[in-house]
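Step one of this worksheet: look at the structure below.
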Amino acid sequence: MLYGYADSILTGAWVTIKVGLCSFAVALLLGLLVANGKLSRHRWLAWPATAFTSVMRSAPDFVWLLFLYYGGQTALNLLGERMGFKAVDIDAFAASVIILGVIYSAFLAETFRGAFLAVDKGQAESAQAFGFNKLQTHLFIVFPQMMRFALPGISNNWLVMLKATAITSMVSLNELIFLSRSAGKATGHGLELLIVAALIYLLLSTVSVVALRMLATHFAAGSKEITL
């Protein structure tokens, strides 16, 4: 089956899933931090956060990947040599996770910022009037309502990021596209194996949509359900 490369393609699919999930976790955490920075009243927080989102969204993903992976590795090795350390090779998986996470955190930051602004300020004021401190207000009152508004944007960003994991093949990461192309070159059936890879992406996207709809239903409890 699959010209003897079924195990290889399944391994690539698993790597794709891991890269996507780990990158998305980084993007979510960093996106929340950047969104809060953009909403801050302090300029020393708001300006760098705004500059970050503007710069990271200004170039294609593969440009940032190549620039940060190869350029970042060169810069680190030059700095290490001056400090007396030996040159190191950055792991392709870790680098891909960090770079994709950083890139998409800029997009998620805008999603979170808009969602925070959509929550009625009176909700936080009412919570504090009932004795909630700022942390409790944010976690139990503002955050759940913010997620209801943010989920459509989060869903779109996840689906785009899942497909963007394909560009990590440019840094020789053994993900789905890299291994499918390698198998295609070895067997002479490149088109067929790429179609298989596309079907795997379709399956992953379909499962993601179902899971995200369940999450939307959870956060929409007691209000009009959001359609993803």
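Bear in mind these aren't lab numbers, they're just calculated from the coordinates by the rules spelled out. Keep in mind that what you see is a predicted model, and the values were worked out from it rather than measured. Here the Cβ positions follow ideal geometry from the backbone for every residue, glycine too, while neighbour counts run over all protein chains shown.
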(request) Provide Met146, Met83 in ascending order of the number of other Cβ atoms located within 10 Å of each residue's Cβ, fewest first. (result) Met83, Met146
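So if we plug the beta-carbon distance of Lys18 and Arg41 into 1/(1 + (r/R0)^6) with R0 = 35 Å, what FRET efficiency do we get, rounded to 0.05? Could you put the intermediate results ahead of the total?
Values: r = 39 Å, r/R0 = 1.11.
After rounding, the FRET efficiency stands at 0.35.
What's the FRET efficiency of Asp7 with Asp91 using the Cβ-Cβ distance as r and R₀ = 22 Å, to the nearest 0.05?
On the way: r = 23 Å, r/R0 = 1.03.
The formula returns an efficiency of 0.45 here.
How do Met170, Met214, Met161 line up, fewest other C-beta atoms within 10 Å first? Don't skip to the end; give the middle numbers.
Numbers: Met170 16, Met214 9, Met161 22.
Going from sparsest to densest Cβ surroundings: Met214, Met170, Met161.
For Leu29 and Val207, calculate 0.36 nm times their separation in residues minus their Cα-Cα distance, and state this gained length in nm to one decimal.
Details: separation 178, 0.36 × 178 = 64.08 nm, distance 2.29 nm.
Extra length from Leu29 to Val207 when fully extended: 61.8 nm.
Roughly how many debye, to the nearest 20, is the charge dipole of segment 20-173 about its Cα centre, given +1 on each Lys and Arg Cβ, -1 on each Asp and Glu Cβ, and no other charges? Provide the component values of the computation, followed by the final result.
Values: 11 positive and 7 negative charges, 80 e Å.
Once rounded to the nearest 20, the dipole reads 380 debye.
Mean Kyte-Doolittle of at least 1.0 and a Cα length of 27 Å or more along the axis: which whole DSSP H helices of the chain meet both? Spell out each step's value before the answer.
Working: long enough: 6-39 (48 Å, 1.48); 92-118 (39 Å, 1.66); 143-164 (29 Å, 0.49); 190-219 (43 Å, 1.87).
Those that pass (Cα extent of 27 Å or more, hydropathy at least 1.0) are 6-39, 92-118, 190-219.
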(message) Once you place label points 7 Å from the Cα toward the Cβ at Val160 and Tyr70, how far apart are they in nm?
(response) 2.5
(message) Need the full-extension length gain, Leu199 to Leu117, defined as separation in residues times 0.36 nm minus the C-alpha distance. One decimal, nm.
(response) 25.7 nm
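Take every Cα pair under 8 Å in segment 52-200 that's 6+ residues apart, average their separations, divide by the length, and report that relative contact order as a whole percent. All intermediate terms of the calculation are to be shown ahead of the outcome.
On the way: 105 pairs, mean separation 33.7, N = 149.
Relative CO of segment 52-200 lands at 23 percent.
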